[in-house]
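Participant: Quick one: the structure is below, questions incoming.
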Amino acid sequence: MTGVTAETVATDAGDARITWHPARRARLVLAVSHGAGGGIEARDLRALAETLPGHGVSVALVEQPWRVAGKKVAPAPKTLDTGWRGVWPALAGAGLPVISGGRSAGARVACRTAAELGAHAVLALSFPLHPPGRPEKSRAEELLGAGVPTLVVQGGNDPFGRPREFPEGPYRLVEVPYGDHGFAVPKRAETTQEQALETVTGAVAEWIASLG
């Protein structure tokens, strides 16, 4: 593949869509899906798709069936997992190691399914550790149970879980200073929006290089 391409993949949850941003000489595939409140146009997903192919990583942006169908509300976690399982053969089809990733709800899917799908690693962007204002409803077990090398990239002001709230565990956590759940930073912050995204892409590129 020499340019951006899109393919539709039939799953038991409906048709999903993969938009490929291929590296010229890929050694890995990073597959990332969106959250429950947005699509693959999220600023961090776009930044990764623009940056990582230059590091030998093909990026596959995955749209869950509910988004492809034009629905406004995400289905239950079980259905999200079904959609992700359905696209996996296409993601792994090139025979390269696949890093399973996503933002927010997509990060939860990646963690829940990584071991069974044989993911090389997990990238969790803005992992929703708990609903805003409800720290007692922790989803830490999903993150801690991923079973493969895991990187969490979390905004410093994410209401779904600030970095200091995360438990110790077998994963790496990188903070995006001042970032909210979408890695947006206030105009008054010492960090610019461009610098925030560079923190995301730099951390992911460095981590992937360390995986070997």
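The values are calculated or read from the model by the stated rules, or taken from the named source; none is laboratory data. Quick caveat, the model's predicted, so the values are computed rather than measured. We place every Cβ from the backbone using ideal geometry, glycine too, and count neighbours over all the protein chains shown. The area values use the complete protein model at the heavy-atom level, side chains included, leaving out ligands, DNA and RNA. Shrake-Rupley method; radii C 1.70, N 1.55, O 1.52, S 1.80 Å.
Participant: Go through (1) at pLDDT 95 or above; (2) open to solvent by 40 Å² or more (accessible area, probe 1.4 Å) one by one and return the number of the condition Val204 breaks.
Facilitator: Of the numbered conditions (1) at pLDDT 95 or above; (2) open to solvent by 40 Å² or more (accessible area, probe 1.4 Å), the odd one out for Val204 is (2).
Participant: Taking the condition of being crowded, with 19+ Cβ neighbours inside 10 Å and either within 20 Å of Ala205 (Cβ to Cβ) or touching a Pro at 6+ places or on another chain (Cβ under 6 Å) (or both), how many residues in region 121-145 meet it?
Facilitator: 7
Participant: While we're here: Tell me the helices (runs of 4 or more DSSP H) entirely within region 103-212 that contain at least 1 residues that are in contact with a Lys or Arg (Cβ under 9 Å, 6 or more places away or on another chain) and among the polar types (S, T, N, Q).
Facilitator: 105-117, 193-211
Participant: Same structure again: Does Glu168 meet the test of being farther than 22 Å from Gly39 by Cα and open to solvent by 20 Å² or more (accessible area, probe 1.4 Å)?
Facilitator: Taking the combined requirement at face value, the residue satisfies it.
Participant: Every residue in region 122-147 that is touching a helix residue (DSSP H, G or I) at 6+ places or on another chain (Cβ under 6 Å) and of a type in the set (Gly, Ala, Ser), please.
Facilitator: Ala124, Ala146, Gly147
Participant: Now for a different question. Would you confirm whether or not region 11-30 contains a residue that is without any contact (Cβ under 8 Å) to a residue 40 or more places away in the chain and in contact with a Phe, Trp or Tyr (Cβ under 9 Å, 6 or more places away or on another chain)?
Facilitator: no
Participant: May I ask you to list the residues in region 37-76 that are open to solvent by 60 Å² or more (accessible area, probe 1.4 Å), out of contact with any Phe, Trp or Tyr (no Cβ under 9 Å at 6 or more places or on another chain) and assigned to a helix (DSSP H, G or I)?
Facilitator: Hits for region 37-76 are Arg46, Glu50, Gly54, His55, Arg67.
Participant: Which pairs have Cβ atoms under 6 Å, sit 6 or more apart or on different chains, and link a residue in region 173-194 that is under 16 Å from Gly102 (Cα atoms) and in contact (Cβ under 8 Å) with a residue 12 or more places away in the chain to one that is aliphatic (A, V, I, L, M) and open to solvent by less than 60 Å² (accessible area, probe 1.4 Å)?
Facilitator: Going by the 6 Å Cβ cut-off, the qualifying pairs are Leu173/Val152; Val174/Val153; Val174/Ala203; Phe183/Val176; Phe183/Ala196.
Participant: Determine the pairs where a residue that is farther than 15 Å from Leu173 by Cα, located within region 133-158, has a partner that is at pLDDT below 95 with Cβ atoms under 8 Å apart, the partner being 6 or more residues away or on another chain.
Facilitator: Close Cβ pairs (under 8 Å, with a partner that is at pLDDT below 95) amount to Lys137/Pro131.
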